[in-house]
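These notes are about the structure you will find just below.
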Amino acid sequence: MRSGVAIFPGSNCDRDIVVAIKKITPKAPLKLWHKDTEFPNLDLIVIPGGFSFGDYLRCGALAARSPIIRNIKNHVSRGGSLLGICNGFQILIETGILPGSLIRNKNLLFTCKETILEIQNTIKSPFTEGFQIGEQIKIPVAHNEGNYFAPKPLLDELNNEGRIAFKYVKGSDFDNKVAYNPNGSSNDIAGILSPNGKVLGMMPHPERAINSLHGGTDGLRFLTKCIEHIVG
Amino acid sequence: MRAIVNISLKQGVLDPQGQAIQNSLSNLGFNNCNNVRTGKQIILDFQDNDEEQVFKETEKMCETLLVNTVIENYDIEIIKEI
């Protein structure tokens with residue numbers, strides 16, 4: 001699988017996702033700088049977490065107008081897979097590739113906790129195909145603006161079209177280290193898909209749960225299944 | 001010529017910052033105020049002195065970058081003499 005990680009000034013989870021992908025597939029991802037406008041066709045591009053451009057103006061707003069975005073949009077129209085994690089999700093929203101908005105956490109706190117995600121009944125997508133509906137994975141979040149907000153008609157549309165990838169749930173594994181809907185997002189949404197299922201934006205960080213020393217390996221399991229299904 | 005863009009959250013969009021400010025105001029004894037909404041202001045200076053042109057350009061800037069029109073409203077004020 002050929003993959004790439006888009007890096008902006010202020011991205012800080014780029015190395016983590018590179019390490020995670022290298023654990024799964026022998027071919028190391030290309031590191032793509034935000035000014036890069038020429039790179040080979042890829043199967044997967046990841047926009048990692050962090051604080052691109054210092055979160056100035058709005059989270060992800062300036063990154064979403066970087067030169068690389070045009071190529072990322074071309075990648076999407078070619079049918080390539082695209083994963084935005086945390087700030088990467090905020091960037092995808094700002095580009096308009098995914099709809100809605102990510103606003104300030106309801107409790108005004110930067111929340112860094114484990115969450116339990118429940119896989120939803122979605123359209124065909126490499127990001128959910130490897131899972132049973134209702135299956136739960138434990139993945140940490142770390143953000144200040146992760147409260148997914150959308151007008152009711154859009155929420156209904158996402159729901160009816162099977163474009164809600166996962167929701168925060170209390171789950172069987174719930175304890176005081178786990179946060180349920182840590183940001184107050186509408187309908188407990190933790191991640192959404194594009195109409196073709198090839199683009200996923202998610203607030204939780206799978207690359208931070210790839211080693212038992214992290215406290216869990218569900219992130220590795222999740223990314224492994226995604227990559228298996230992207231390769232086909 | 002100067003353009004001032006005032007950006008506010010649309011009605012119905014949660015403004016936790018505004019709520020927190022209101023709580024603090026009420027703790028200080030300001031009980032008359034029952035709702036606080038926050039926003040931001042962006043000030044742009046132009047060489048150009050054509051009011052219509054500056055307004056149009058600012059509007060385009062708002063739509064392409066400055067404002068998230070999903071959750072925010074904006075208005076533009078033009079000041080001829082800075």
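Readers should treat all values here as calculations from the given coordinates under stated rules, not as data from a laboratory. Note that the structure is predicted; figures quoted are calculated from it, not measured. No Cβ is skipped: glycine too gets one built from the backbone with ideal geometry, and neighbour counts run over all protein chains shown.
For chain A, the spread of Cα coordinates along the three principal axes comes to 45, 37, 34 Å, biggest extent given first. Out of all DSSP beta bridges with both ends in chain A, state the antiparallel percent to the nearest 5. Counting only bridges with both partners in chain A, antiparallel ones make up about 60 percent.
Neighbours of residue A:195 by Cβ distance under 10 Å: Lys/Arg scored +1, Asp/Glu scored -1, total 0. Just from its helices, what would the mean residue ellipticity at 222 nm be for chain B, if runs of 4 or more DSSP H residues each count -39500 (n - 2.57) and the sum is divided by every residue, rounded to the nearest 500 deg cm²/dmol? -8500 deg cm²/dmol, from helical runs alone. Debye sum, Cα scatterers, region A:57-112, no solvent: what log₁₀ I/I(0) at q = 0.12, 0.16, 0.24 1/Å? Taking Cα atoms of region A:57-112 as identical point scatterers yields -0.31, -0.51, -0.98.
For peptide B:65-73, the mean count of partner chain Cβ atoms within 10 Å of a residue's Cβ comes to 5. Normalised by the number of residues in region A:3-231, the average gap of Cα pairs under 8 Å and 6 or more apart makes the relative contact order 21 percent. Across chain B, the mean sequence separation of Cα contacts (distance under 8 Å, 6 or more residues apart), normalised by length, yields a relative contact order of 53 percent. One decimal place: the segment residue A:170-residue A:70 gains 32.1 nm when fully extended, by the rule 0.36 nm per residue minus the C-alpha distance.
Among A:143, A:229, the order by Cβ neighbours within 10 angstrom, fewest to most, reads A:229, A:143. Diagonalising the gyration tensor over the Cα atoms of chain B and scaling each eigenvalue by 5 before taking the square root yields semi-axes of 32, 15, 8 Å, largest first. Of the GluC sites (Glu not before Pro) found in region B:21-82, the ones in coil according to DSSP and having at most 12 other Cβ atoms within 10 Å of their Cβ are B:81.
Whole-percent P(r), region A:125-232, all Cα pairs, 10 Å bins from 0: 14, 46, 34, 6, 0. For residue B:27 and residue A:27, the FRET efficiency from 1/(1 + (r/R0)^6), where r spans their Cβ atoms and R0 equals 45 Å, is about 0.20. Here r is the Cβ-Cβ distance between residue B:51 and residue A:152 and R0 is 41 Å; the resulting FRET efficiency, rounded to 0.05, is 0.55.
The value of relative contact order for region A:1-131, using C-alpha pairs under 8 Å at least six residues apart, is 22 percent.
Treating r as the C-beta distance of residue A:35 and residue A:2 and R0 as 22 Å, the FRET efficiency rounds to 0.60. The Cβ shell under 11 Å around residue B:46 holds other residues with a net charge of -3, Lys and Arg each +1, Asp and Glu each -1.
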